[in-house]
């Protein structure tokens, strides 16, 4: 990729509000601009609206499932401003209560009776994983997920 072409892409990302530009002569530094004003649900709903598709709950469910890499509550799909999804499977997850507690700490109230679902047609696509990683660099996804394994310090007995 030529440097002029790269600089054009960087300028476009600055115009889109994804990157921040700082001029320190003789260079220009670019850094990721954190978007704290919108949450993942609003961003997902806006992405579906801007794609021109109808407010499809199945699309929102697939996006949230791919981005968060965990089962999704139906209340979370409704927060995107979409219809209720139709093609999903209800699952039982042993970390359900931990997730409800973590979301409550972030101000997202999930009823205890809410269904935890996954899309029926979830595909494992490398492009989705890359986009999910990129989105994770732009906004803080830690408040929407729980850590995979709690690391406990071990003591050594002599």
_Restricting to the stretch 41-76, name every residue that is crowded, with 18+ Cβ neighbours inside 10 Å and closer than 10 Å to residue 117 by Cα._
61, 65, 71, 72, 73, 74
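Listed here are the residues, each with its yes/no results for (1) in contact with a helix residue (DSSP H, G or I) (Cβ under 9 Å, 6 or more places away or on another chain); (2) at pLDDT below 90.
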position: 71; (1), (2): yes, no
position: 90; (1), (2): no, no
position: 123; (1), (2): yes, yes
position: 137; (1), (2): no, yes
position: 143; (1), (2): yes, yes
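The values are calculated or read from the model by the stated rules, or taken from the named source; none is laboratory data. Bear in mind the structure is a predicted one, so any value in this text is a computation, not a measurement. Here Cβ is always computed from backbone atoms with ideal geometry, including for glycine, and neighbour counts include all displayed protein chains.
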